[in-house]
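**Q** The structure follows.
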Amino acid sequence: MPRPTTAQLAYGSLTVVLSTFAALLLSDVRSGAAVVAVAAAGLLLGLFVAAAVTMPAVARRRATATLPTAVSVPRSRVAGGAEPQRVGEHSLRR
């Protein structure tokens, strides 16, 4: 299993702290069991956010893995080793 990235740790930890703090302030819980339940919900939300941070990268990797690779075609040279004439290309030298 790969190690979590810095972004996963940062987003997950921030989500746990902020969501738990907000839920405790808004719900006005007084019992210990309710505080534990809110903390557990904040932890689960933080784990979900940390896992969701990497989802776009995984989707990108899967998309690029299914695309065909480009084939390089060698440039043909004009007889005598000169470069082919480039029509319509801007020249800095006149």
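No lab work stands behind these numbers, since they all come straight from the coordinates. Only a predicted model underlies this, so the values are computations on that prediction, with no experimental measurement involved. Please note: Cβ atoms are built from the backbone with ideal geometry, for glycine as well, and neighbour counts cover all protein chains shown.
**Q** Between Val36 and Leu14, what FRET efficiency follows from the Cβ-Cβ distance if R0 is 22 Å, with the result rounded to 0.05?
**A** Numbers: r = 21 Å, r/R0 = 0.95.
In this case the efficiency is close to 0.55.
**Q** How long is the gain from Asp28 to Phe48 if the chain were fully straight, where each residue apart is worth 0.36 nm and the alpha carbon distance is subtracted?
**A** My answer for the length gained is 4.7 nm.
**Q** Okay, next question. Region 1-50: Rg/Rh from Cα coordinates, Kirkwood Rh?
**A** With Rh from the inverse mean 1/r over Cα pairs, Rg/Rh is 1.08.
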